[in-house]
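The values are calculated or read from the model by the stated rules, or taken from the named source; none is laboratory data. Everything quoted here is computed from the prediction, not taken from an experiment. Cβ: placed from backbone, ideal geometry, glycine included. Neighbour counts: every protein chain shown.
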Amino acid sequence: MVFDQLCEAGLPHTVVEIARENFRRTGEVLAPFVALLCPERLREPSVATVDDEFPPEVMVREFPGWAYDVYSREGRRALEAFLAGRSETARWVRAHIPGPQRVRFVGDLVFRVEGHVCRSRLRWSVGDELRRVVDRECNGLRFAHASEVLDLTRSDLPLLNEVRAEVC
């Protein structure tokens, strides 16, 4: 019904149908928001696409390092070992996050740093602001901004990859 209303409101039919199919397959509420953003995007005619800066990809055994994440046993062990180490990220997490939540928390940070990059990112004012809000204010942190720990995690990725290689 929501998607029918979006069509009736005059949003581009093709965009609404893509969003409808996305919602049908994933159940994520992001789908109707994408359709709602379409008119905003059309108001800004000159936009560019740029590639995000990708972190270096390191192979651990026969798999890329990013495959050892919070959703695999080896990845969880690597994150636990990383958190026990002397990296700036580990120190920050130990100082701010309760013990039982640390592995999941750093797993989410690593996913943001390694997995939220893309080629040909559309750069436009509303999109850039939404990305900033997600990166800095919507990580479930009780801190005003998550930029500090995201930057620490980004710079500590080589250390994490060393730990991944040792653990795995």
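Among the residues of the stretch 51-91, those that are under 12 Å from GLU166 (Cα atoms) and small (Gly, Ala, Ser) comprise GLY65, GLY75, ALA78, ALA81. Assessment of the stretch 67-82 against the conditions (touching a residue at least 60 places away in the same chain (Cβ under 8 Å), assigned to a loop (DSSP other than H, G, I, E, B) and either within 22 Å of ASP156 (Cα to Cα) or touching a Ser or Thr at 6+ places or on another chain (Cβ under 8 Å) (or both)) yields at least one matching residue. For VAL117, the conditions (1) part of a loop (DSSP other than H, G, I, E, B); (2) among the hydrophobic types (A, V, I, L, M, F, W, C); (3) within 30 Å of GLU44 (Cα to Cα); (4) in contact with a Leu (Cβ under 9 Å, 6 or more places away or on another chain) all hold with the exception of (4). Can you name the residue in the stretch 25-43 that is in contact (Cβ under 8 Å) with a residue 60 or more places away in the chain and within 22 Å of the chain's Cα centre (by Cα) and is also farthest from ASP4 (Cα to Cα) among such residues? Ranking the qualifying residues of the stretch 25-43, first place goes to ARG41. Is it the case that ASP135 is touching a residue at least 12 places away in the same chain (Cβ under 8 Å), charged (D, E, K, R) and not in a helix (DSSP H, G or I)? The answer is no for ASP135. None of ARG164, ARG104, ARG154 is at pLDDT 95 or above and part of a helix (DSSP H, G or I) except ARG164.
Scan the stretch 29-61 residue by residue and report those that are assigned to a loop (DSSP other than H, G, I, E, B) and either under 28 Å from ASP151 (Cα atoms) or aliphatic (A, V, I, L, M) (or both). Matches in the stretch 29-61: VAL29, VAL47, ASP51, ASP52, GLU53, PHE54, PRO55, PRO56, GLU57, VAL58, ARG61.
Hey, among the residues in the stretch 50-66 that are more than 30 Å from SER125 (Cβ to Cβ) and touching a residue at least 60 places away in the same chain (Cβ under 8 Å), which one's surrounded by the fewest Cβ atoms within 10 Å (Cβ to Cβ)? The residue in question is PRO56.
The set of residues from the stretch 67-92 being within 18 Å of the chain's Cα centre (by Cα), surrounded by 20 or more Cβ atoms within 10 Å (Cβ to Cβ) and of a type outside the set (Gly, Ala, Ser) comprises TYR68, LEU79, THR89.
On the given criteria, is GLY127 assigned to a helix (DSSP H, G or I) and more than 21 Å from PRO55 (Cα to Cα)? Spell out the reasoning first.
Numbers: assigned to a helix (DSSP H, G or I): yes; more than 21 Å from PRO55 (Cα to Cα): yes.
Taking the combined requirement at face value, the residue satisfies it.
Of all residues in the stretch 12-43, those satisfying the criterion of being hydrophobic (A, V, I, L, M, F, W, C) and modelled with pLDDT under 90 are VAL29, LEU30, ALA31, PHE33, VAL34, ALA35, LEU36, LEU37, CYS38, LEU42.
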